[in-house]
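Asker: My structure is below; once you've seen it, I'll send some questions.
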Amino acid sequence: MAKEKEGPKEEGASHEREVRIYSLATTVNECIIFLEELAGNRLLPIWIGITEGQAIAIRFSGIVLPRPLTHDLLLSTIKTLGYAVGRVVICDIKENTFYAKIFINKGNSSYALDSRPSDAIAVAVRAGCPVFVEDKVFARCQTLNKPITEDEVTKFKAELKNLKPEDIFKGLQEKKKDKDDKQKGDASQEDPNDE
């Protein structure tokens, strides 16, 4: 648990974009959650486990369970200790793995809890707090554009059925390969006798 330092962001610091759950698609062994950028037209797909997908879906369906799930227990613990969940941030992506933080606060105390995005979102839907994605996450992964017309909605739904995790990260791998090829090309054009 890291103490969060409040204050003005440094120049060049990442900015956060507020998102909400646009859709939750389930396959046989995984779920895809699509986060919709509120002030834009991008959708960010994140692959999550079936259990976490069910925990998010249960909250939206209004089903009342007789016993708390893990995310309910975590939120209850946070509240019992006198803290509130302020926001959730999908803050990074490294090697196709997303990272998130749950920000909790009480008075002047504020902490950033490291979390998987799926768990952070499951807590956020229970706490009713906003969810944000940092700009660098949008920049590092393939996003989809929200469909607007009925034809686009139909086409989008058809594309979702065939979407695989590697499709999202393919653009990143191609960009990295192009950059590596360019660097190799620049290095081979240098004259070794130039000093």
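Asker: Which residues, taken from segment 27-39, are within 17 Å of Val89 (Cβ to Cβ) and either of a type outside the set (A, V, I, L, M) or in a loop (DSSP other than H, G, I, E, B) (or both)?
Answerer: Glu36, Glu37, Leu38, Ala39
Asker: For residues that are of a type in the set (A, V, I, L, M, F, W, C) and part of a loop (DSSP other than H, G, I, E, B), scanning just segment 53-89, find the one that is surrounded by the fewest Cβ atoms within 10 Å (Cβ to Cβ).
Answerer: If we take residues in segment 53-89 being of a type in the set (A, V, I, L, M, F, W, C) and part of a loop (DSSP other than H, G, I, E, B), then Val64 is surrounded by the fewest Cβ atoms within 10 Å (Cβ to Cβ).
Asker: Further question: Within segment 96-135, how many residues turn out to be under 13 Å from the mean Cα position of the chain (by Cα), within 19 Å of Phe34 (Cβ to Cβ) and of a type outside the set (S, T, N, Q)?
Answerer: 16
Asker: Just to confirm my filter: which strands (runs of 3 or more DSSP E) fall fully inside segment 94-142 and include at least 1 residues that are of a type in the set (Asp, Glu), in contact (Cβ under 8 Å) with a residue 40 or more places away in the chain and farther than 11 Å from Ile46 by Cβ?
Answerer: Strands (runs of 3 or more DSSP E) meeting the threshold: 109-115, 131-134.
Asker: Being more than 13 Å from the chain's Cα centre (by Cα) and at pLDDT below 95 is true for just one of Ile148, Ile93. Which residue is that?
Answerer: Exactly one residue qualifies, and that residue is Ile148.
The values are calculated or read from the model by the stated rules, or taken from the named source; none is laboratory data. Here the structure is a predicted model, which is why all the values come from computation and not from measurement. Glycine also receives a Cβ, built like all others from the backbone with ideal geometry; neighbour counts cover every protein chain displayed.
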